[in-house]
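This report refers to the structure that appears directly beneath it.
Every read-out reported here was derived from the displayed coordinates using simple, explicitly stated rules and does not represent laboratory data. Quick caveat, the model's predicted, so the values are computed rather than measured. No Cβ is skipped: glycine too gets one built from the backbone with ideal geometry, and neighbour counts run over all protein chains shown.
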Amino acid sequence: MMGGQICPPSDTVWRTLAIDMLADLDDALGFLRDFHAGALAGVQGLRVNEPTIPAALRRVYATFGEPQASSCPIGGQDSLKGPSELRRTGDFIHFLDENQGCWSCAYCVDGGEDPAVFLFEDGEEPVKQGDSLERFLVTYLLQESVMSAPHFASQEDGVLPEDALRAAVEPLWLAAVYSRPNPTHWFYWCKDAGVLAMRFDGDYAPWLWLGAQEDRWESVLRDCQSGYMVSGPARDDRCVGRMGPSQSNARQLPKWLRWLE
């Protein structure tokens with residue numbers, strides 16, 4: 001940590017100098033239309049003409065339709081409110097709820113075309129999270145795209161994206177602020193493997209979460225000590241790419257044999 005800010009999660013030079021592939025919300029929506037092409041074929045976009053709803057939200061609705069619909073390919077973690085569910089509390093409009101109800105996000109009624117985002121948590125005074133709803137929505141959409149992908153993998157031992165995947169990864173959207181004061185989300189794209197990667201550095205981090213449209217984990221993931229937990233549409237979890245025995249198995253070995261680990 002330097003100057004109160006979390007440093008990027010790798011000490012490699014390219015990560016420090018990397019330029020994000022995505023410049024803004026329009027870039028992100030274009031990328032995600034391709035990533036979710038199969039699912040979006042069955043989604044009816046919402047054309048919202050209400051000028052009091054910020055343009056960024058209207059563009060998200062136009063692409064993903066009703067956020068709470070079962071056909072919507074986002075919303076596996078936190079919940080974006082649809083146009084009819086936006087909730088006004090005083091001078092704020094609440095547009096997103098955390099999945100366990102611990103916090104919500106809102107923007108000011110008179111915040112302009114691209115209002116700032118405020119976090120409401122546990123009855124405390126609202127805290128400003130960022131100056132741009134558009135940038136916040138990019139982070140949200142990428143997070144939900146990883147978490148809601150039909151094929152999902154996770155690794156909680158701090159493996160970096162470039163070490164986890166056999167093909168090259170590109171920086172997509174780095175050092176993004178979401179629900180904490182400092183950056184917690186780093187996103188990468190592995191085009192050859194079709195994998196969207198999210199490196200999360202937060203309360204219990206670092207974690208690596210990976211989303212894909214196909215189950216190709218055995219061929220695209222490099223082995224690591226504890227492996228990766230992967231699941232498909234039926235959420236049938238399994239472990240792949242493990243280099244060594246699980247800790248639960250290791251503890252069952254006689255003490256004099258544990259050097260084999």
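Only a single criterion out of (1) more than 23 Å from residue 181 (Cβ to Cβ); (2) touching a Pro at 6+ places or on another chain (Cβ under 8 Å); (3) surrounded by 18 or more Cβ atoms within 10 Å (Cβ to Cβ) is not satisfied by residue 92, namely (1). Residues of the stretch 102-143 that are part of a helix (DSSP H, G or I) and either touching a Leu at 6+ places or on another chain (Cβ under 9 Å) or of a type in the set (Asp, Glu) (or both): 133, 134, 135, 136, 137, 138, 140, 141, 142. Could you tell me whether any residue of the stretch 127-134 is β-branched (Val, Ile, Thr) and either buried (at least 19 other Cβ atoms within 10 Å of the Cβ) or at positive phi (or both)? Checking the stretch 127-134: not a single residue is β-branched (Val, Ile, Thr) and either buried (at least 19 other Cβ atoms within 10 Å of the Cβ) or at positive phi (or both). Scanning the stretch 124-151 for residues that are charged (D, E, K, R), within 17 Å of the chain's Cα centre (by Cα) and farther than 23 Å from residue 71 by Cα yields 134, 135. A search for C-beta distances below 8 Å between a residue of the stretch 150-170 that is more than 26 Å from residue 75 (Cβ to Cβ) and touching a residue at least 24 places away in the same chain (Cβ under 8 Å) and any residue that is among the polar types (S, T, N, Q) and not in a loop (DSSP other than H, G, I, E, B), counting only pairs 6+ apart in sequence or on different chains, returns 166/219.
Among the residues of the stretch 54-77, at least one is farther than 16 Å from residue 145 by Cα, among the small types (Gly, Ala, Ser) and over 21 Å from the mean Cα position of the chain (by Cα). Here residue 159 passes the criteria (1) more than 9 Å from the chain's Cα centre (by Cα); (2) buried (at least 21 other Cβ atoms within 10 Å of the Cβ); (3) closer than 20 Å to residue 30 by Cβ; (4) not small (Gly, Ala, Ser) except the one numbered (3).
If the condition is being within 12 Å of the chain's Cα centre (by Cα) and in a loop (DSSP other than H, G, I, E, B), then the stretch 198-219 contributes only 201.
For the stretch 212-240, a residue qualifies if it is within 20 Å of residue 142 (Cα to Cα), of a type in the set (A, V, I, L, M, F, W, C) and in contact with a helix residue (DSSP H, G or I) (Cβ under 7 Å, 6 or more places away or on another chain), and exactly one does: 230.
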